[in-house]
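Below: the structure, in structure tokens.
The values are calculated or read from the model by the stated rules, or taken from the named source; none is laboratory data. Bear in mind that the values here come from a model prediction, so they are computed numbers and not experimental data. Please note: Cβ atoms are built from the backbone with ideal geometry, for glycine as well, and neighbour counts cover all protein chains shown.
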Amino acid sequence: MRIITKNKTIPLGPRPLVMGILNVTPDSFSDGGRFTQEEALSAQIRAMLDNGVDIIDVGGESTRPYAEPVPEDEELRRVLPAIACIRAMHCSIPVSIDTTKAVVARQALDAGADIINDVSGLRFDPEMIRIAVAHRAPVILMHMRKTPKDMQDQPVYDDVVQEITDFLSERISWAVGQGLDKERIIVDPGLGFGKTVEHNLTILKHLPAFKKLGCPLLVGHSRKAFIGKLLGLETRDRDLATALISSYCATQGADILRVHDVKSTMQAVRLHAAIVQAP
């Protein structure tokens, strides 16, 4: 399996790809405000590159629970310099743009991004699918109940794994029907997006169910609140737990792991791959 962008092919395996989170926001739940200045931004990108990051995911609008939407001009003001900074430091590292707005996605792709990471599953902006098709951009389709502003208001499922699988299957069929090649679709069950602690644990326990959709599987578990609630950890202290979950996800067939701390997760997945490939 592989991810095909307009200008490059990204092979998958034998270990999951590590996607580094680059939030250029003042209010993200974990690192809001840390990388809004050029010096700190450059240092973070350099650290990711030095630790072997496979993809850098740039986000200019927080999707934490109860976050307010950001106007598209402000989101562009945040993400375009970050993409330019990445491209100045590395001409070919795959870059994804974390947005639900077609205008932001288009300008980000024009600026050098390769992948669209849409937490709405292409539902919030009807123009997004046309941008993806026209740019031949891979799209990460994520499951989310409602919107970030209200997704954590008493989420209820009869069967969380089946309902997410059904949602993602419908989104894949719809996107393919609109002209997007299935080889350009990545699925994400959306840990923390309209889920309780128990829902998140059930999703992790049943990750192979999402592999049956026939698309690369991304897991975004990094520093999430369910880790804090289970272990009594503040956000800044969740990287070890995140790396442990990353190693578990590798055993379950995850293809991409979206994390804040690239170094610890890269160590975890490299160790897992070395053990699996040992004679």
request  = Kindly provide the set of residues from the range 1-39 that are modelled with pLDDT of 90 or more and within 21 Å of Glu75 (Cα to Cα), ordered by number.
outcome  = Met19, Gly20, Ile21, Leu22, Asn23, Val24
key: Matching residues in the range 122-141 - criterion: being under 13 Å from Thr99 (Cβ atoms) and in contact with a Leu (Cβ under 8 Å, 6 or more places away or on another chain)   = Leu122, Met128, Ile131, Ala132, Ala137, Val139, Ile140
ask   = Tell me, which helices (runs of 4 or more DSSP H) lie completely within the range 138-214 with 1 or more residues that are within 19 Å of the chain's Cα centre (by Cα) and without any contact (Cβ under 8 Å) to a residue 40 or more places away in the chain?
value = 197-205
ask   = Of all residues in the range 222-233, which are in contact (Cβ under 8 Å) with a residue 12 or more places away in the chain and in a helix (DSSP H, G or I)?
value = Ala225, Phe226, Ile227, Lys229, Leu230
query = For the range 227-238, what are the residues that are of a type outside the set (Lys, Arg), surrounded by fewer than 20 Cβ atoms within 10 Å (Cβ to Cβ) and at negative phi?
reply = Gly228, Leu230, Leu231, Leu233, Glu234, Thr235, Asp237
task = Among residues belonging to the range 110-128 that are assigned to a loop (DSSP other than H, G, I, E, B) and under 13 Å from the mean Cα position of the chain (by Cα), point out the one that is farthest from Tyr66 (Cα to Cα).
result = Gly121
key: Some residue of the range 254-273 being surrounded by fewer than 18 Cβ atoms within 10 Å (Cβ to Cβ) and of a type in the set (Val, Ile, Thr)   = no
Number of positions in the range 254-279 that are closer than 27 Å to Thr25 by Cα, touching a residue at least 40 places away in the same chain (Cβ under 8 Å) and not β-branched (Val, Ile, Thr) = 6
When residues of the range 185-218 are limited to those that are of a type in the set (Lys, Arg) and out of contact with any Ser or Thr (no Cβ under 8 Å at 6 or more places or on another chain), the one surrounded by the most Cβ atoms within 10 Å (Cβ to Cβ) = Lys195
query = Pairs, please: C-beta under 7 Å, at least 6 apart or cross-chain, first residue in contact (Cβ under 8 Å) with a residue 12 or more places away in the chain and in the range 56-80, second among the basic types (Lys, Arg) and assigned to a strand (DSSP E or B)?
reply = Asp57/Arg258
key: Count - residues of the range 239-253 that are touching a residue at least 40 places away in the same chain (Cβ under 8 Å) and either buried (at least 22 other Cβ atoms within 10 Å of the Cβ) or over 20 Å from His206 (Cβ atoms) (or both)   = 4
request  = Output the residue which, of all residues in the range 234-256 that are part of a loop (DSSP other than H, G, I, E, B) and touching a Lys or Arg at 6+ places or on another chain (Cβ under 9 Å), is nearest to Pro189 (Cα to Cα).
outcome  = Ala254
ask   = Can you name the condition, by its number, that Ile131 falls short on among (1) in a helix (DSSP H, G or I); (2) out of contact with any helix residue (DSSP H, G or I) (no Cβ under 7 Å at 6 or more places or on another chain); (3) free of Cβ contacts under 8 Å to residues at least 60 places away in the same chain?
value = (2)
ask   = Taking the range 40-68 on its own, how many of its residues are at pLDDT below 95 and either loosely packed, with under 15 Cβ neighbours inside 10 Å or among the aromatic types (Phe, Trp, Tyr) (or both)?
value = 4
